[in-house]
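The numbers here are math on the coordinates, done by the rules we state, and not lab data. This one's a predicted model, so the numbers in the text were calculated from it and none came from an experiment. When we count neighbours, we look across all protein chains shown, and the Cβ atoms used for this are built from the backbone with ideal geometry, even at glycine.
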Amino acid sequence: MKREISDKLFEEAKKLMPGGVDSPVRAFKSVEGNPLFIKSGKGSRIFDEDGNEFIDYCMSWGPMILGHGDSDVLSAIKETAELGTSFGTPHRNEVELARLVTEAVPSMEQVRFVSSGTEATMSAIRLARGFTGKNKFVKLDGCYHGHADHLLVAAGSGIATLGIPDSAGVTEGNAADTLVAPYNDLNALEEIFSRENDVAAIILEPVPCNYGLILPRDDYLKGLRSLCDKHGVLLIFDEVINGFRIAMGGAQEHYGVKPDLTTLGKIIGAGLPVGAYGGRTDIMSFVAPQGPVYQAGTLSGNPLAMAAGIAALKKMKNSKVHEKLEEKVNFMNELLASIKTRYAGKFLISNIASIYSFCFTDLEKIESVEQVRQYDMEKFSQFHSAMLERGIYLSPSGYEVAFLSSAHSEDDIEKTVSAMESALEEILSQ
Ligand SMILES: *Cc1c(COP(=O)(O)O)cnc(C)c1O
């Protein structure tokens, strides 16, 4: 595999940009080698500067559920761009995407568009505080909600502890109102909610996808809903990955649980920078200019980003993309069955809908962050390189999940599984 041009660009990038990247995990720090500079993508494939071709499972970290360069998304962007790229005024595309989002996610009676998932979660927490008049909120250990100061807190395992900052530059003051609790543990939350009377909200990914893939225990999410109701705490589902992925209506549709607020991103921008938060109208009416909670954005609801989202959501709705994806997932799982049996106790494959996690562990089922912390990341690093050599691009960290898109063909899936067989043979039979 040639890497000369990528390596050269990376050398240059490192001089000009910290770590050579604009987002840390891209730098391949936890796997072998330098990052690849991707030049183009079409469907399930990406092509790097050196001319290597890969079947992609990073899919821009989730947004590309229709594959790269989807023709409908591209035409929508081109047609919209011809008319101008930004006006800083209301635009009909915002109304149309708002309609599509609120129809698909019924708990979102109203929505506000922003430009990233980080902005969405940050604003949802501010809104929850403004609405309830309370200061603290609970986040779950290991859940990632973007990089806002008070959300860069993950400390505390087992029992809830006061948050400790996870990054330099985040003050203890910033972290002090963030309470951390373990996922899949209702008792821990009951304990916090009973002890603390200043909790505005709890935010979580209904299905955590940013620290391995952890699935909710039966009735965990329903139990959470009742606990929040009992203690007057707002329930915020961060569906930036889950939304439009696990189902059109996200994890909340799949599990039949209605949050008070929801955050979205990734898929709703189809590869352009978009985030959104929304929920009950009585809560959303607190957002400025209607209410006292300030939140704004020069490029919020940008016409191009909205056009891409509209094209993607319409296509997903009208051409039964989730049904087709389910067939692909079933096909992939059939092919993966022999790997699962053969390497049981060493390598674990888990999935929900088109989200996959590949991990080196002796566990049979992952239900907590503590279990994820035990993964063998050295083996994942070898696996990542072995797959890259075989033309399969996985996200460059064993904590990240893999995404199947509707553009992955049966042939792609067959190639992927046989690459996986030979990579695992190499790594696990030593
Ligand atoms: C990606 C992600 C975010 C942050 O979104 P950005 O657009 O990267 O700011 C927030 N929450 C979850 C669950 C995410 O996966």
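In terms of the Cα gyration tensor, with a ≥ b ≥ c the square roots of its eigenvalues, is region 186-304 rounded because a/c is under 1.5, prolate because a/b exceeds b/c, or oblate? Note, shape of region 186-304 comes out oblate.
Placing one equal scatterer on every Cα of the chain and applying the Debye formula, the log10 ratio I(q)/I(0) at q = 0.07, 0.10 Å⁻¹ is -0.33, -0.71. Counting every other Cβ atom within 10 Å of each residue's Cβ, Ser115, Ser167 order from fewest to most as Ser167, Ser115. Within region 7-65, the GluC sites (Glu not before Pro) that combine a DSSP coil assignment with at most 15 other C-beta atoms in a 10 angstrom radius are Glu32. Amide H contacts for Gly275 (H built 1.01 Å from N in the peptide plane; partners 5 or more residues away or on another chain; cut-off under 5 Å): Val114, Ser115, Ser116. What residues qualify as long-range amide H neighbours of Asp238, i.e. H under 5 Å apart, gap of 5 or more or another chain, H built at 1.01 Å from N? Result for Asp238 returns Leu204, Glu205, Thr263.
Our note on the geometry: Cα centres of region 98-119 and region 347-414, 30 Å apart.
Is the shape of region 286-430 rounded, prolate or oblate, going by the alpha carbon gyration tensor and its root eigenvalues a ≥ b ≥ c, with a/c under 1.5 for rounded and a/b larger than b/c for prolate? Prolate shape, in that a/c is at least 1.5 and a/b is the bigger ratio.
Secondary-structure-derived ellipticity at 222 nm for the chain, considering helices only, amounts to -12000 deg cm²/dmol, per-run term -39500 (n - 2.57) for DSSP H runs with n ≥ 4. Convex hull of alpha carbon positions in region 328-382: directionally averaged projected area 4.0 nm². Under the combined filter of DSSP loop state and at most 15 neighbouring Cβ atoms within 10 Å, region 12-107 retains these chymotrypsin sites (Phe, Trp or Tyr not before Pro): Phe87.
Contact order for region 91-218, expressed relative to its length and based on alpha carbon pairs under 8 Å spaced 6+ residues apart, stands at 23 percent. From the square roots a ≥ b ≥ c of the eigenvalues of the alpha-carbon gyration tensor of region 121-264, which class results: rounded (a/c under 1.5), prolate (a/b over b/c), or oblate? Rounded, because the longest to shortest axis ratio a/c is under 1.5.
The distance separating the Cα centre of region 35-61 from that of region 181-233 comes to 37 Å.
Sparse packing (at most 15 other Cβ atoms within 10 Å of the Cβ) combined with a DSSP loop state is found for the following trypsin sites (Lys or Arg not before Pro) in region 294-387: Lys320, Lys346, Lys365, Arg373. Straight distance only, please: which lysines reach the Cα of Lys328 with their own Cα at less than 19 Å, same-chain residues fewer than 8 apart left out? Those lysines meeting the cut-off are Lys42, Lys315, Lys317, Lys320, Lys340, Lys415.
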